[in-house]
Amino acid sequence: MAYDKFNILTSSAVPLPIENVDTDQIIPARFLKATERVGFGDNLFRDWRYNGDDTPKADFVLNDSTHSGKILVGGKNFGSGSSREHAAWAVYDYGFRAVVSSFFADIFKGNCLNIGVLPVQVTPEFAETIFNAIGADPKTELEINLPEQTITLKATGQKESFEISGYKKDNMINGFDDIDYLQNIKEEIVGFANKLPY
Amino acid sequence: MSTTLFDKVWDSHVVRKIEDGPDVFFIDRHFIHEVTSPVAFLGLKERGISVLYPERTFATADHNTPTINQHLPVQDALSANQLKALEDNAAEYGISHWGLGHQKNGIVHVVGPENGITLPGATIVCGDSHTSTHGAFGAIAFGIGTSEVEMVMATQCIMQPKPKKMRINVNGELSKGVGPKDVALYIISQLTTSGGTGYFAEYAGDVFENMSMEGRMTVCNLSIEMGARGGMIAPDQKTFDFLEGRLYAPKGEAWDKAVAYWKTLKTDADAVFDTELNINASDIEPMITYGTNPGMGIGISKNIPNANQVEGGAETYKKSLAYMGFEENDVMIGKPIDFVFLGSCTNGRIEDFRAFTEIVKGRKKADNVTAWLVPGSHVVEAQIIEEGLLDILTEAGFVLRQPGCSACLAMNDDKVPAGKYAVSTSNRNFEGRQGPGSRTLLASPIMAAAAAVTGVLTDPRNLF
């Protein structure tokens, strides 16, 4: 599925300094019943965001108007749990284009990369610096530069590099996905399959 | 060069390596279910491409299915719609489909091995993180996202960087009352839910060698809960005996050839892992979780740790205990419970029902407990009846439901109400996992049985 190309993103960020945020929190299973990829942003963090009667929980960060932006900053081990790509869709559909954390769960990270959300892994110290900076000024901006692979706190110039494979970086900058690549080498795949035991 | 079991299977499935990128990785077997496949089929339609090898994909409905009155139309309109979408898509693309009511229907990770679709040395994926289950057969099996489901259908490949290698050795003798689930929960409690991230695990040592195939599946199933993409166990005679004669397993000459190949699938003596963990089997007690991730587990006789004893942030830890309604230093034994769930891709196999039945035999279900006993497939259901387990369960006041994922993930009607405690043989105790506000305590089938007959958390070793 096509997604927005990613180059340089400058935005304020929404802080969620909780560890082990699992995919059942990002999108509870009862919201996985759609057969199309629509409306997942409305249910992002559903049970942290809304009471049982669908009224917003005032103390949850997405309901706090002082925080906004296209970058979500999460605690360690963000996205653990299920393989549901719906979690990454919910993050994207809500309007986030990047998630920053000191540690990501594998499948969630891969899903993000496949749908155009950039997972930016920083050191625990830099994550702390970002949380503190947002605490001091909720409108403080981060710049995520994908070609340069850097993340910068605009106010102070504090900067860190992050890792991404050259292949995935190229995909995100150009808005390509893996199927485009695989479709182009189909003959090679069929040749390979013919030699396998099963 | 010496290689590991994982290397042998992985390397033989790499179509090409991309410089500064992932491997193009060939998939032998692909399972799909109703939840994570519809958007992948939409993607195929939008691109106008077909399924390259429909005979390599197998569809079964499990997450949304009701576990009573399966002969009636599904009540929930959204669930019914998703089940119908799977049926229609499978028919359109020529994929085998074991839907609701089909005699081979059941949880995807139960029916795959049952029908010999899961084979040693194979690469297996599914849009479901507990696909790691199939590693019990010496396959590389792991969960994928929906974009990847689409890739597999379109090209039978996904793009994956090769994970690092971890070996978990458990040696010695397990004490009475300690089973595969306890071994897995103990490992996760040691590694935490992120300790295995970036790795693919091999389970080795005499505890796994002596374990049944069902037990191995339980252990491999829970690999994802320590963050590992998957876990595997070298195939042996037990593996071959389990598979021989099953529907999709090779037959005749092909079988002999396959077994000869499978016997080569083991880690070389001097192969090196990126990390190893050694565990003494006698250190493991019957396990119970007390928090909101599977790493928050302790032996049933232990007290809940204090925030300063655990790794990670005290704030997150205290939030978790507050959700559970527990306090630091609480004793687990004697805590009242409301629900018991036996089932899921973790513990929905015949051996799990045998273990549960052994404890409840001659006892009665406690009045304060609602129990859901849900076989992983119709095959398991038939075995429960055939072995006489159903008679014992009925006598003890239990009812057997119909196969499906049931109360594992609150997608169907089997939901635990807010604030209630469920001793569950499933795999995740996340907030709201079994229903909004539900409180899950992960445990083995015998721990669940002990709680079901006493109405409180009970050390199952006292009931033998």
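Nothing in this text is a laboratory measurement; each read-out follows from the coordinates by a stated rule. Quick caveat, the model's predicted, so the values are computed rather than measured. For neighbour counting, all protein chains shown are included, and Cβ atoms are generated from backbone atoms with ideal geometry for every residue, glycine included.
Side notes on the structure shown:
- Ordered by the number of other Cβ atoms lying within 10 Å of each residue's own Cβ, fewest first, B:Thr60, B:Thr264 fall into the sequence B:Thr264, B:Thr60.
- Between B:Gly404, B:Ala322, B:Gly376, the Cα set farthest toward the positive side of the dipole of the range B:287-463 (charges on each charged residue's Cβ, about the Cα centre) is that of B:Ala322.
- Mean partner shielding of peptide B:31-41, defined as the number of other chain Cβ atoms within 10 Å of each residue Cβ, is 3.
- Per-residue mean of foreign Cβ neighbours for B:431-437 is 5 (Cβ atoms of other chains, 10 Å radius).
- Shown for chain B are no DSSP H helices, since none reaches 27 Å along its axis, judged by Cα atoms, with a mean Kyte-Doolittle hydropathy of at least 1.0.
- In the range B:152-252, the C-alpha radius of gyration followed by the widest Cα-Cα span (Dmax) gives 15.4, 49 angstrom.
- P(r) tail fraction, the range A:1-142 - alpha-carbon pairs more than 24 Å apart, %: 25
- Value of [θ]222 nm, deg cm²/dmol, for chain A, DSSP H segments ≥ 4, -39500 (n - 2.57) each, nearest 500: -8500 deg cm²/dmol
- Exposure proxy shown here: for A:Arg37, B:Arg354, the number of other Cβ atoms within 10 Å sets the order, fewest to most, as B:Arg354, A:Arg37.
- Computed over the range B:1-113, Cα set: Rg, Dmax in Å: 17.4, 58
- Förster-model FRET efficiency, 22 Å R0, B:Asn171 and B:Ala269, C-beta, rounded to 0.05: 0.85
- Approximate shape of the protein assembly as shown as ellipsoid semi-axes (Cα gyration tensor, √5λ), whole Å, largest first: 35, 31, 25
- Residue-normalised convex hull volume from the C-alpha trace of chain B: 149 Å³ per residue.
- Virtual paramagnetic centre 7 Å along Cα→Cβ of B:Glu55, amide N under 20 Å, in the range B:121-162: B:121-125, B:152-157
- Hydrodynamic radius by Kirkwood, which averages 1/r over all alpha carbon pairs of the range B:273-380, in angstrom: 16.7
- Which of A:Val38, A:Val14, A:Pro56, positive extreme of dipole for chain A (C-beta unit charges): A:Val38
- Ascending count of other beta-carbon atoms within 10 Å, so fewest first, for A:Phe78, B:Phe25, B:Phe398: B:Phe25, B:Phe398, A:Phe78
- Pair B:Gln309, A:Thr129: separation of 7 Å Cα→Cβ label points (nm): 3.7
- The charge dipole of the range B:5-161, taken about its Cα centre with unit charges on the Cβ atoms of Lys, Arg (+1), Asp and Glu (-1) only, comes to about 220 debye.
- For the peptide B:127-137, the mean number of other protein chain Cβ atoms found within 10 angstrom of a residue's Cβ is 2.
- Between A:Asn184 and A:Asn145, the contour length at 0.36 nm per residue exceeds the Cα-Cα span by 11.1 nm.
- Cut-off 14 Å, label 7 Å out along Cα→Cβ of B:Lys364, residues of the range B:443-460 by amide N: B:453-455
- Shown is the FRET efficiency for B:Ile18 and B:Asp88, computed with R0 = 41 Å from the Cβ-Cβ distance and rounded to the nearest 0.05: 0.70.
- Dipole magnitude (debye, nearest 20) for chain A, charges at Cβ of Lys, Arg, Asp, Glu: 160
- Taking N as its residue count, the alpha carbon Rg of the range B:306-452 over 2.2 N^0.38 Å: 1.09
- B:Val399/B:Tyr261 FRET efficiency (R0 45 Å; Cβ-Cβ; nearest 0.05): 0.50
- A:Phe176 versus B:Asp283: modelled label distance in nm, points set 7 Å from Cα along the beta carbon direction: 4.8
- The range A:85-139 and the range B:225-248 have Cα centres separated by 36 Å.
- Per residue, chain B reaches -9000 deg cm²/dmol at 222 nm when only DSSP H runs of four or more residues are counted, each adding -39500 (n - 2.57).
- Gap separating the Cα centres of the range A:16-51 and the range B:346-424, nearest whole Å: 29
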